[in-house]
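Step one of this worksheet: look at the structure below.
The values are calculated or read from the model by the stated rules, or taken from the named source; none is laboratory data. If you're wondering where the values come from, they're calculated on a predicted model, not measured in any experiment. Virtual Cβ from ideal backbone geometry, glycine too; neighbours counted across all protein chains shown. Note: accessible area is taken over every heavy atom of the protein model, side chains too, but ligands, DNA and RNA are not part of it. Shrake-Rupley method; radii C 1.70, N 1.55, O 1.52, S 1.80 Å.
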Amino acid sequence: MARLGSLRWRLLLGAFVFLLVALISAGIAIDAIMRHFVRQQIERRLDAQLLTLAAAIETDTSGALRLSRNVDVAPFDRPFSGWYWQVAGAGQTLNSRSSTGTPLKLPSASGTRLRTIRTKDPSGPPLIGRTRTLTLPDDAGTVSLVATAPEAEQGRPIYAIRKALVAALGTLAALLTGAAFLQVHFGLVPLRRLSDALRAVRAGESDRISGPQPKEVEGLVEEVNALIAQNAEKLERARTQVANLAHSLKTPLAGIAASLDTPNLDEHAPEALRLVALIDRNIAHHLRRARAAAVDGSSRTLRLVGQHIEDLVVALGKIYASKAITVDIKIPPDARVACDQLDLDEMLGNLLDNSFKWARGRVEVTAESKGAMLLISIRDDGPGLGVAPEVAL
């Protein structure tokens, strides 16, 4: 199961399954074509013998059948070879020398069209044959012509060719499997190089992934480099915020230390409290800036604006229940902004609270996309300042 999680083994398994199916399908198709070809060769040989018989058959003055010449050419001259011919008609039967005069048991023949039959050798083995009916000249009647061959004649060459075919397909399978291994090995080299480059970036040996890349991973490399650059920028921002915080706290802390290092603490208590308040404001200020820097870029979570506004409207409706304000929200259901949840609630909450505070009875909230920005407008029917409150996120 661990190997199946490897991209290399998945590719190799897919290639092996495809090759196996392709080779088996090719073997079945080639075997069928081969059997058809061998069968056709035997049938053509038997058809040629039937043509020879048809050309040689004649009748004497008494109407008896005879052959004008010897047609027992090889292999029809070998006894019990299975290569037989037979002419039957007008109460007579002529047989090949190979059948030693034993008549063949044949199905009834009709028509002059050649057809394939199957029968048995008088000695037992199965035979395949071709037969046709021939009309003799001068109204001498019709005769049935048959030529047969042992069925084993078809099986022997097929068996020999199958052995060669299996050997050839096996060799081809081995070569294609080796080619698949090489293809997968060299195809995954860019990914191994990319892994080494990322390891070098993590170890601090390099600040980005460089060097030529295949087109298929160029986009990935660009995104990773962009992510590395963004993280470096965030780290620099965080360092800057920490340095600013330390610098802003240094002077107030020195003042507190000086105020406490005195015998008259009561006189210096107001100054110490003022410095403590200043420290608190500095900490809050830099924490807000650090939070804004932390949520910048792709790490920001997309927030549904409509849901936040509806929650704020419900809360403000309870606070200003005595004014019975009607709120008309016209925001697309898929309107989203990349913003921290607390920051979003704080910005929208301040604007909505101001509208609820000064509205006479109606507040309207709309949102529309402006390129990569979302423009949120909050209008009310109060006296206003002449400009509708808006926020672009």
Practice task
Tell me, yes or no, whether the stretch 45-65 has at least one residue that is in contact (Cβ under 8 Å) with a residue 40 or more places away in the chain, open to solvent by 40 Å² or more (accessible area, probe 1.4 Å) and under 60 Å from the mean Cα position of the chain (by Cα).
Solution key: yes
Handout entry: Unique match (being of a type outside the set (A, V, I, L, M, F, W, C), open to solvent by 30 Å² or more (accessible area, probe 1.4 Å) and within 22 Å of Lys105 (Cα to Cα)) among Asp77, Asp72
Key = Asp77
Exercise for the section: Being open to solvent by 30 Å² or more (accessible area, probe 1.4 Å) and in a loop (DSSP other than H, G, I, E, B) narrows it down to one of Pro157, Pro212, so name that one. Expected result: Pro212
Practice task
Take Thr171 and decide whether it is part of a strand (DSSP E or B) and either hydroxyl-bearing (Ser, Thr, Tyr) or surrounded by fewer than 13 Cβ atoms within 10 Å (Cβ to Cβ) (or both).
Solution key: no
Exercise for the section: Select from the stretch 364-385 the residues that are open to solvent by less than 80 Å² (accessible area, probe 1.4 Å), in a strand (DSSP E or B) and not hydroxyl-bearing (Ser, Thr, Tyr) and write down the one among them that is farthest from Asp345 (Cα to Cα). Expected result: Asp380
Problem - Candidate set from the stretch 80-111 (those that are loosely packed, with under 13 Cβ neighbours inside 10 Å and small (Gly, Ala, Ser)); member that is modelled with the highest pLDDT - result: Gly91
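So which residues in the stretch 316-325 are part of a helix (DSSP H, G or I) and open to solvent by 50 Å² or more (accessible area, probe 1.4 Å)?
Looking only at the stretch 316-325, we keep the residues that are part of a helix (DSSP H, G or I), and these are 316-319, 321-323.
Selection gives Lys318, Ile319, Ala321, Ser322, Lys323.
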Practice task
Using the structure shown, decide if Asp72 is touching a residue at least 12 places away in the same chain (Cβ under 8 Å), charged (D, E, K, R) and touching a Ser or Thr at 6+ places or on another chain (Cβ under 6 Å).
Solution key: yes
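Just for the stretch 174-208: of the residues that are basic (Lys, Arg) and part of a helix (DSSP H, G or I), which one is most open to solvent (accessible area, probe 1.4 Å)? If you could, list the steps in order and put the result at the bottom.
Narrowing the stretch 174-208 to residues basic (Lys, Arg): 192-193, 199, 202, 208.
Add one more test, that the residue is part of a helix (DSSP H, G or I), and what stays is 192-193, 199, 202.
Values: Arg192: 85, Arg193: 161, Arg199: 119, Arg202: 197 Å².
Ranking the qualifying residues of the stretch 174-208, first place goes to Arg202.
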Practice task
Kindly list the number of the only condition in (1) at pLDDT 85 or above; (2) in contact with an Asp or Glu (Cβ under 7 Å, 6 or more places away or on another chain); (3) over 30 Å from Gly27 (Cβ atoms) that fails for Val146.
Solution key: (2)
